[in-house]
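This report concerns only the one structure given below.
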Amino acid sequence: MTSRRVLAVAAFVTVGALTGTTTAAPASARPVEDRCLRGGSIPAPAVAAASQRGCSLVGRIVTDGHVSVVVPRTGITVAGEGVGRRGDVRSLRVTNTGTAVVAVSGGGGSGGLEGGGWYLAPPGTTTSTTAPTTSPMTSTTTTTTTSPTVGTPARAGDLPACRDRAFELENHRWTRSLRYRVNLAKMPARFHAKTVVRQVRSANRNMRKGRNTCGKPILDTPAAHYRGRTSKKLNVTRGPGCGRLNTTNVVGFGNLPTTLLGWTCYWYRGGRMVAADIMIDNGRSLSTKVPDNCSNTWDFEGTVTHEWGHAYGLAHTGTRHGNLTMHHLLKPCSTYARTLGLGDWRGMKRLYGVR
């Protein structure tokens, strides 16, 4: 199994920690807003206790460090997850069951992750990390093809992408076609709009169809339809965080923390996707064309491909799988993430099957 540290939110929080008061009066005698943290944001470890006290948490903000999500309506789960270039990659998921609100945050600083990274490990995860001892499998079945990728040395100690079978799944999948738009309002001035739109659409195809160099066939993922450009704001905040649910799926830009390249917020009900928004950092780290003299630049299309993976139901693979697209940290100076590794492809196949 992939090494993971999952921090499930504790259900036992003292009344003093929850209310911020030392008053000895019984809870029933206190104002509702006092028992419910006076309407402010709720630290993730306090969510269970607040929910148990009958507080209406819908619309409230749950925080875990700098990451935050807005509690959705009954039956909906919201989660935020992204990809970085180094350091921490925190994640947070909140589910409103109707009778309780449950928060789960990911962690892994001492779990062998590079730079003490954090990532989400959802319940119900399906993992396979057994590597083949022979050469990569091949197939005569037609595979997806686009322009060649820019190579880069594999991470030391990690299996090559076409020999690494590892994958991790979230709790959701698309059961109908995905319709999305692109917002270029905060696009870096050095980018060209047509190139960005083309690469966002290509990134979607990379993940949806399972583009790979491992000889694996095209996936049977539901169709996706690009609906043009939009001025509608992303339902993603720069914290990063996830706002209130809407059903408009938008890919766009924003000012993410310095270690993050991209961030995805997604909402699902009973395992069926409802919506997803993707924010790509508009700082200096990303490029739509990896330069020849590259030293500290990351591929835009590869980053968006990774984020589409979250939107389609894949989680991070974790440590020891650094050559897969769904690793929590991307490598610079390469377009390798545009093509799925064997594990990435197997995860998507488990969710959607092949043609």
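The values are calculated or read from the model by the stated rules, or taken from the named source; none is laboratory data. Just so it is clear, the model here is predicted, and its values are computed rather than measured. Positions of Cβ are generated from backbone atoms using ideal geometry, with glycine treated the same way; all protein chains shown enter the neighbour counts. We work out accessible area using only protein heavy atoms, side chains counted, and drop any ligands, DNA or RNA first. Shrake-Rupley method; radii C 1.70, N 1.55, O 1.52, S 1.80 Å.
Rolling a 1.4 angstrom probe over the protein heavy atoms with all chains in place gives region 301-355 an accessible area of 18 Å² per residue.
Considering all projection directions equally, how large on average is the shadow of the alpha-carbon convex hull of region 224-355, in square nanometres? Please list the in-between numbers first.
Values: hull surface 37.0 nm².
That works out to 9.2 nm².
When restricted to Cα atoms, region 286-331 yields an Rg and a Dmax of 11.5, 35 Å, respectively.
On region 209-274, 45 percent of the accessible area sits on carbon and sulfur atoms, based on a 1.4 Å probe. Panel values: region 235-297, Kirkwood radius from alpha carbon pairs, Stokes-Einstein at 37 °C and 0.692 mPa s, translational diffusion coefficient 251 µm²/s.
Summing charges over all other residues whose Cβ lies under 13 Å from the Cβ of Thr195, with Lys and Arg as +1 and Asp and Glu as -1, gives +3.
Students often get this wrong, so check it: of Lys209/Lys232; Lys186/Lys349; Lys233/Lys289; Lys232/Lys349, which have C-alpha atoms separated by over 30 Å?
Numbers: Lys209/Lys232 27 Å; Lys186/Lys349 34 Å; Lys233/Lys289 26 Å; Lys232/Lys349 32 Å.
Exceeds cut-off: Lys186/Lys349; Lys232/Lys349.
Charged neighbours of Thr97, selected by a Cβ distance under 14 Å, balance to +3 (K, R count +1; D, E count -1). Of the peptides 172-178, 41-47, the ranking by mean beta-carbon count within 10 Å, highest at the top, reads 41-47, 172-178. Taking all C-alpha pairs of region 274-350, those more than 17 Å from each other amount to 44 percent. Taking the 1.4 Å solvent-accessible surface of region 157-196 as the whole, the part contributed by carbon and sulfur is 50%.
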